[in-house]
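Reviewing the structure listed below.
The values are calculated or read from the model by the stated rules, or taken from the named source; none is laboratory data. Since the model is a prediction, treat every value here as computed from it, not as a measurement. Counting neighbours? That spans all protein chains shown, and the Cβs are built from the backbone with ideal geometry, glycine included. These accessible areas exclude ligands, DNA and RNA; they are computed on the full protein's heavy atoms, side chains included. Shrake-Rupley method; radii C 1.70, N 1.55, O 1.52, S 1.80 Å.
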Amino acid sequence: MFDFNTDLAQEFGVYKNENAYEIAKYVSSVNVSAGFHAGDPISIKNALAFVRENNLALGAHIGYPDISGFGKRSMELNPDEIEAMVLYQLGAVSSFAKTMSLEIEHVRCHGAMNQKLSIDRDFALSVALAVKKINPWLNLFIQNYEMKLFLEDEAKINCAYEVNFTDNLSVRQLREMETPPQTVHFFDLENAKRAYDVIKPFPVNYIRVMGQV
């Protein structure tokens, strides 16, 4: 059983990405860009409406404040700056979501921020503790299994191990991995269709709840 996720609202002004909505038809969780690396009020509103209409799990997609670089440029920030950056973005998506009777259920970092989350323990801990301040039950998606275990132990936060689904990967290979992922990220439409034809996804937040019963 896997959660499939993809990013929405990766837009700004006249720059649109309509293909993202086609991919989102084949996933169980959607990560809505929070405005720092991408996402403006209208694109965020449209993405949240899509989440509600399709009964998907909602996540906030957060990144560095770097619209012009699409969040791909690294930044050196102190713990207070990291916390403020995370709280600001989660607060924006969460407040918008409440107007549609939705709640954020997970957090996914973008670009350079996502890369640093996987390799820098101090940075990852600052991000995790900030997420926990918003809601201790949120899942933080992370692509380093050892870092996932570290954050769960140190920050006492729920983390979901994520892998990217690429052209040379299959659902069978996902199942056979030494550490199978809990959530799988899609950025290509044909790969999303291919995986969906084999297995229907299930949101990672439901897996957590079922595990507690």
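Would you please give the FRET efficiency between D167 and E18, computed as 1/(1 + (r/R0)^6) with r the Cβ-Cβ distance and R0 = 22 Å, to the nearest 0.05? The partial results should precede the final answer.
Details: r = 22 Å, r/R0 = 0.99.
Given R0 = 22 Å and the Cβ-Cβ separation, E is 0.50.
Expressed as cubic angstrom per residue, what is the convex hull volume of the alpha carbon set of segment 115-200?
Residue-normalised Cα hull volume stands at 106 Å³.
Using only the heavy atoms of the protein chains and a 1.4 Å probe, how would M147, M75 rank by accessible area, largest first?
M75, M147
What fraction, in whole percent, of alpha-carbon pairs in segment 1-106 exceed 21 Å separation?
Values: 1784 of 5565 pairs.
Pairs farther apart than 21 Å: 32 percent.
Using a 7 Å offset from the Cα along the Cα-to-Cβ direction at both R121 and D40, what is the distance between the two label points in nm, to one decimal?
The two pseudo-label positions are separated by 4.3 nm.
What helices does the chain hold that run 24 Å or longer along their axis, going by alpha-carbon atoms, with a Kyte-Doolittle average of -1.0 or more, using DSSP H for the helix calls? All intermediate terms of the calculation are to be shown ahead of the outcome.
Working: long enough: 79-98 (28 Å, 0.39).
Membrane-span-like by this criterion, though nothing is claimed about a membrane: 79-98.
Explain nothing, just the number: dipole magnitude of segment 29-143 about its Cα centre with +1 on each Lys and Arg Cβ and -1 on each Asp and Glu Cβ, in debye rounded to the nearest 20.
Here segment 29-143 has a charge dipole of around 220 debye.
Taking only C-alpha pairs under 8 Å that are 6+ residues apart, what is the relative contact order of the chain in percent?
Normalised by residue count, the contact order of the chain is 23 percent.
Quick one: which of 21-33, 50-62, 79-91 comes out on top by average Cβ neighbours within 10 Å, and what's the full order, highest first?
Descending mean neighbour count gives 21-33, 50-62, 79-91.
With the dipole of segment 1-92 worked out from charges on the C-beta (+1 for Lys and Arg, -1 for Asp and Glu) around the Cα centre, which of L90, M1, P65 lies farthest toward the positive end?
Among L90, M1, P65, the one farthest towards the positive end of the dipole of segment 1-92 is M1.
What size of dipole, in debye to the nearest 20, comes out for the chain about its Cα centre when the only charges are +1 on Lys and Arg C-beta atoms and -1 on Asp and Glu C-beta atoms?
Roughly 480 debye for the chain.
Let me know the number of lysine pairs in the chain closer than 19 Å at the Cα, not counting same-chain pairs under 8 apart.
17
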